[in-house]
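In what follows, a structure is listed as structure tokens, so that the remarks can point back to it.
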Amino acid sequence: MRVVDLTLALIAAGALVALTAVAGLALRRRQGRARAVDSAEVVDPRRLGADGLGEKATLLQFSTEMCSRCPGVHRMLSEVADARAGVRHLDVDLTNRPDLAQHFRVLQTPTTLVLDRRGAIRTRFGGPPGRAVIELELDRLLKENTHA
């Protein structure tokens, strides 16, 4: 009877490890990918502790003190915003702001939101986004703004 119990325990442990590996790979695959957001919400910069948004677009980054990838994302987003007129980068530390984390459904840091000129959320990135993808999203958004 002990051999059967041990075999079942090993099979259960193996299945749990396999399930965890598949879930981890699925989450890793989604990181840094753009997700279009259909949101009517307009972000109020005062709620974030900022004096305003970008004239054309805003790159809103959510970070925490313990996030090891956040400083690199901060540098990249700042460089992209500085290279484009009317684009602003805001970095909000969620360490002491669980209300904002809950409101914007931030489950990982960094999380980056691309806001249009009105402050509506247009695109969401979970994890560190690539520079090319951020620039592509800004190009798309700015092109929409010129046609509107």
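We did not get these values from a lab; they are worked out from the coordinates using the rules stated. For clarity, every value in this text was computed on a predicted model and none was experimentally measured. Note: ideal-geometry Cβ built from the backbone for every residue, glycine included; neighbour counts use all protein chains shown.
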Query raised in the report: If one puts a single equal scatterer on every Cα of the range 96-148 and applies the Debye formula without solvent, what log₁₀ I(q)/I(0) results at q = 0.13, 0.26, 0.29 Å⁻¹?
Result: -0.38, -1.05, -1.16
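Give, as a single signed number, the net charge of other residues whose beta carbon lies under 14 Å from the beta carbon of C70, with Lys and Arg counted +1 and Asp and Glu -1.
Here the charged neighbours net out to -1.
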